[in-house]
1. Could you check the simple spin-label distance between LYS105 and THR188, using points 7 Å along Cα→Cβ, in nm with one decimal?
2. If you take the Cα atoms of the stretch 98-236, find Rg, then find the Kirkwood Rh from the mean of 1/r over all pairs, what is Rg/Rh?
3. Cα atoms only, the stretch 2-105: Rg and Dmax in Å?
4. Using 7 Å Cα-to-Cβ label points, what is the ILE79/LYS135 separation (nm, one decimal)?
5. Any chance you could get the radius of gyration and Dmax over the Cα atoms of the chain, in Å?
6. Distance between Cα centroids, the stretch 12-77 to the stretch 211-233: provide it in whole Å.
7. Counting pairwise Cα distances across the stretch 57-97, what percent come out greater than 11 angstrom?
8. Using 0.36 nm per residue, how much length does the chain from VAL12 to ASP71 gain when fully extended, once their Cα-Cα distance is taken away?
Amino acid sequence: MLQKIILKCSFVGEERASYNWGSIMHGLLMELLPIEIVEILHVSRLNPYSQYVIPLSENELEWHIGIWDNDISDIMTKIILPLTHFNINHKGITLDVTSVIREIKSEEDFLAQFFAVDTPCRRYRLEFLTPCTHKSRGEYTLFPSTRLILQNLLMRFSAYSNSFSLEDDEILDHLEAYTKIVHYSLRTATFHLKDAGITGYIGRVILSIRGPEQLARLCGMLLSFAEYAGVGIKTSLGMGGCNVIQEHYRSK
């Protein structure tokens, strides 16, 4: 089961909403979850959720949460959905929840969007809404590559899926060979975590997929999974928030 939850919130005060609040919201989430679940998450190699903050105005924001694990989804939704307000002690403000959007998809319905359609989409726009980066050769990357994006999503989807096991270098090699960044509009951006800052990129890229139809279906599915799992490192802390849009060629 895949879930996306968006809480629109407003607050009063001189503070200004920022995507850097993602780390604060992660702390809030840890306070709300049962201690036994928090302990499991602390030792997990891969957190089964992502979350990030999008400022809408000076005193409004959206809190986006993606959940991609059946075992934890019920626990998280029972805590998140009833929220009407919550305190951000670090900022000295109270966030009032003004609306809640929830989207639920089974694994079967999610896969059908790509493997049950007549013609696969071969062009995807990825909008990186919060700073995104990958750790490569001991350093943070300032520019995305198809391999790093797909490798990250392969790992996450394999951890989620009951139907696919995709952590295979040969699969990744094929996907990389037929997928290309054909357009980008990016800038560097720094995400602040306590006393440290991680510099990555924010903006959008357009990816084009060539090759066999089944490969295009698989690649499109993986890229779209980013809306739930995020992309890159520290997606549970507010980084790598991503919106994915299919782009279809128009006949002239």
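Each reported figure results from applying straightforward, stated rules to the coordinates on display, with no laboratory input. All of these numbers come straight from a predicted model, not from anything done at the bench. Here Cβ is always computed from backbone atoms with ideal geometry, including for glycine, and neighbour counts include all displayed protein chains.
1. 3.5
2. 0.97
3. Answer for the stretch 2-105, Rg first and Dmax second: 13.5, 39 Å.
4. My value for the distance between the label points is 2.4 nm.
5. 18.2, 58
6. 23
7. Working: 596 of 820 pairs.
Roughly 73 percent, rounded to a whole number.
8. Taking 0.36 nm per residue and subtracting the Cα distance, the gain is 17.6 nm.
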